[in-house]
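*Asks:* This structure is in structure tokens; I'll ask about it shortly.
The values are calculated or read from the model by the stated rules, or taken from the named source; none is laboratory data. Just so we're clear, the structure is a prediction, and the values are computed from it rather than from any experiment. Here the Cβ positions follow ideal geometry from the backbone for every residue, glycine too, while neighbour counts run over all protein chains shown.
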Amino acid sequence: MRYRVHLPAFLISLSLLAFVSSLFAGTHGATKDESPAPVIQNADANSMRIEGEKRYHANCGRCHAAPQKFPPRMMATVLRHMRVRATVTADDQKLILFYMTQ
């Protein structure tokens with residue numbers, strides 16, 4: 001009889017612990033994996049930013065307002081998900097990522 005009460009509480013606690021540890025697992029070593037950003041010429045960077053802004057408004061601006069600045073790694077994850085949901089091309093993804101992280 002005692003197991004009927006304690007087992008669900010134990011399983012819920014274990015699930016909660018696993019969830020919390022998975023949240024913190026991604027934060028350790030995040031700076032070690034990041035590679036330095038490639039050096040882009042100033043004129044090329046400006047044209048890429050402008051083109052990225054155009055593609056953002058064409059693909060994302062229909063449904064979303066421009067979000068606040070996020071770290072490049074987080075924005076890449078968001079764009080990867082939106083690439084599937086909104087059929088964003090690979091070129092659009094790269095330019096929008098460049099625009100959103102500058």
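*Asks:* State which residue pairs qualify: first residue of a type in the set (S, T, Y) and inside segment 43-61, second residue part of a helix (DSSP H, G or I) in any location, beta carbons under 8 Å apart, and separation of 6 or more residues or different chains.
*Replies:* Y56/I96; Y56/Y99; Y56/M100
*Asks:* Might you let me know whether segment 10-33 holds any residue that is at pLDDT below 75, within 14 Å of Y99 (Cβ to Cβ) and outside any helix (DSSP H, G or I)?
*Replies:* No, segment 10-33 contains no residue that is at pLDDT below 75, within 14 Å of Y99 (Cβ to Cβ) and outside any helix (DSSP H, G or I).
*Asks:* Let me ask something else about it. On the given criteria, is T87 out of contact with any helix residue (DSSP H, G or I) (no Cβ under 6 Å at 6 or more places or on another chain), in a loop (DSSP other than H, G, I, E, B) and of a type in the set (S, T, Y)?
*Replies:* When the stated conditions are applied, T87 passes them.
*Asks:* Which one is surrounded by the most Cβ atoms within 10 Å (Cβ to Cβ), of the residues in segment 72-102 that are aliphatic (A, V, I, L, M) and under 16 Å from A45 (Cβ atoms)?
*Replies:* Within segment 72-102, the match that is surrounded by the most Cβ atoms within 10 Å (Cβ to Cβ) is I96.
*Asks:* Identify the residue in segment 72-83 that is touching an Asp or Glu at 6+ places or on another chain (Cβ under 9 Å) and either farther than 18 Å from A58 by Cα or of a type in the set (S, T, N, Q) (or both) and, among all such residues, is modelled with the lowest pLDDT.
*Replies:* P72
*Asks:* Taking D44 and the conditions (1) modelled with pLDDT under 85; (2) exposed (fewer than 10 other Cβ atoms within 10 Å of the Cβ); (3) among the charged types (D, E, K, R), which numbered condition does it fall short on, given that it satisfies the others?
*Replies:* D44 satisfies every listed condition except (1).
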